[in-house]
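The numbers here are math on the coordinates, done by the rules we state, and not lab data. Not measured: the values here are computed from a predicted model. No Cβ is skipped: glycine too gets one built from the backbone with ideal geometry, and neighbour counts run over all protein chains shown.
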Amino acid sequence: MKVTIIGSGYVGLVTGACLAELGNSVFCLDVDEKKIALLNAGGVPIYEPGLKELIDRNRAAGRLTFSTDVAASVEHADVQFIAVGTPPDEDGSADLKYVLAAARNIGRHMTGFKVVVDKSTVPVGTGDRVSAVIREELAARGLEDLQFSVVSNPEFLKEGAAVEDFMRPDRIVLGCAPDVAGRHAQAIMRQLYSPFNRNHERTFYMDVRSAEFTKYAANSMLATRISFMNELANLADEVGADIELVRLGIGSDPRIGYSFLYAGAGYGGSCFPKDVQALMRTASAHGKPMRVLEAVEAVNDSQKQVLGDKIIKRFGEDLTGKTFGVWGLAFKPNTDDMREAPSRVLARELISRGASLRVHDPVAMEEARRVIELDLADIPDAMARIQFCNAQMDVLKDADALVIVTEWKVFRSPDFSQIRNMLKTPVIIDGRNLYEPDAMAEAGIEYHAIGRSSSAR
């Protein structure tokens, strides 16, 4: 089949490359000329394991095209995926200007039936707004009778595992209209996704609004689990319990399960913070405040301060002359995404208190340097006190403690004797609970984790 992907960002690139891998002819559109030039030159603007290889292979096979030509993108395919960004507006609601602009372009150039697929994460009711914009453009062209149908097909991709998630989905959600055009669109989408359903049916068919709601509900539920565990972990520190043992105890209940029960330094990224806020704004607009989600957001904001609080408790309020090594800057492993990353909050806290930092991330160094420089623009000589180290052990040189912010696999089994010998004081402050407290004690390392009080053992 022929498919157009509007937006060559994270979701668009993964979707386009994976659909091309299945044999489809995919046209990827983006208005950013620099991004398209980079893609056509063999580069990839984001880091995602396996994505570059997928893009290279399908470009070489002629199944994947990158362009800024809007008219050509509409002409290319009957299936038009909208995968543009929906950044938070000033009030926290999703800004739909890019989605609606994409829809308007489809209406301006289409000459036959189109399936317009909302792949972007959008508030409930966006499908109606997309339809209205397309009808408006068709009416301006005197083509009111030209048929189309808007489908909601939210993505459920985890950064760092997006290619695998797309190729082996646990579910595919399709929201389709009940009219004739909607049934035709559903048949087309069923054919497009048929390779994923050969083993068993993975597709859930529903109305458009329910599909839009499903994505926000899923992310908000996961964010809730994370914030709840973080609150429990903070209490565990106070009462002398071990949150890891608690996790095993409650996770063994099949009604709860083990997923998203890890305590840490708070969630970040492009999805959870934005989607929780967007759902709260939607609820508020309908006079139904989401009090649970208000608490989830507040807990997460507070949790990003936990590492800084532990450092201050151990080393004092004034950190002038202190140096801290930091492992991990991206908001999660296997990505270079720095959006809402806890490391940014930590960097500002420590730098503002006079500390110096030596930092390392396996992938996100360039992006981290960019965003941290923006974050700390108001602090004189801030960047002069941050050294970006190419090797993870280099951060330990002249450092008073090691702080772990992101749980990259490469950080899981380091040489602890080397860590102890290189640090000025053998202290690890672990925001992801990577190590066992007893093992750290045996290694001669003072270990501060999240919710793992030594008094619990």
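Things worth noting here:
- The chain: antiparallel DSSP beta bridges as a percent of all, rounded to 5: 5 percent
- Expressed to the nearest 5 percent, the antiparallel share of DSSP beta bridges inside region 232-456 is 5 percent.
- Rough spin-label spacing in nm, given labels placed 7 Å along Cα→Cβ, for S413 and D32: 3.7 nm
- Relative contact order (%) - region 1-56, alpha-carbon pairs under 8 angstrom, separation at least six: 36 percent
- Computed magnitude of the charge dipole of the chain (debye, nearest 20; Cβ of K, R +1, Cβ of D, E -1): 700 debye
- A330 long-range amide H proximity, modeled H, under 5 Å: A364
- Share antiparallel - DSSP beta bridges, region 2-206, percent rounded to 5: 5 percent
- Helix 365-375 and the longest principal axis of the C-alpha atoms of the chain enclose an angle of approximately 80°.
- Short-range pairs are left out: with C-alpha atoms under 8 Å and at least six residues apart, the relative contact order of region 232-456 is 25 percent.
- Ignoring the sites themselves, the chain has its longest run without GluC sites (Glu not before Pro) in a DSSP loop having at most 15 other Cβ atoms within 10 Å at 318-457.
- 15 Å beta-carbon shell around D253, net charge (K/R +1, D/E -1): +3
- Intensity falloff of the chain expressed as log10 I(q)/I(0), Debye formula with alpha-carbon point scatterers, at q = 0.08, 0.11 Å⁻¹: -0.53, -0.93
- Cα-based helix-to-principal-axis angle, 306-315 vs the chain, degrees rounded to 10: 20 degrees
- Selected from Q387, M290, Q303, residue furthest toward positive end of dipole (region 232-456; charges at beta carbon): M290
- The chain, helix-only ellipticity at 222 nm - DSSP H runs n ≥ 4, -39,500 (n - 2.57), divided by all residues, nearest 500: -13500 deg cm²/dmol
- Of K114/K215; K52/K332; K215/K313; K158/K409, those spanning more than 28 Å from alpha-carbon to alpha-carbon: K215/K313
- Working from Cα pairs under 8 Å separated by at least six residues, relative contact order for the chain is 12 percent.
- Intensity falloff of region 381-457 expressed as log10 I(q)/I(0), Debye formula with alpha-carbon point scatterers, at q = 0.13, 0.20, 0.23, 0.25 Å⁻¹: -0.40, -0.90, -1.16, -1.33
- Residues of region 25-63 falling in the label zone of H109, defined by backbone nitrogen less than 11 Å from a point 7 Å along Cα to beta-carbon, are 28-31.
- For V180 and M1, the FRET efficiency from 1/(1 + (r/R0)^6), where r spans their Cβ atoms and R0 equals 22 Å, is about 0.60.
- Residue-wise HN-Hα couplings along region 162-177, as the Karplus relation 6.51 cos²θ - 1.76 cosθ + 1.60 with θ = phi - 60° gives them from phi, are 5, 4, 5, 4, 6, 6, 10, x, 7, 7, 10, 9, 10, x, 10, 6 Hz; Gly and Pro carry x.
- Within region 128-229, trypsin sites (Lys or Arg not before Pro) in DSSP loop having at most 15 other beta-carbon neighbours inside 10 Å: R141, K158, R171, R198, R202
- Convex hull volume of the C-alpha atoms in region 29-100, normalised per residue: 124 Å³.
- Degrees, to the nearest 10: 126-140 long Cα axis against longest axis of the chain: 40 degrees
- Local net charge near D398, Cβ-Cβ under 11 Å (Lys/Arg +1, Asp/Glu -1): +2
- The modelled label-to-label distance between A441 and L235, using points 7 Å beyond Cα along the C-beta direction, is 2.5 nm.
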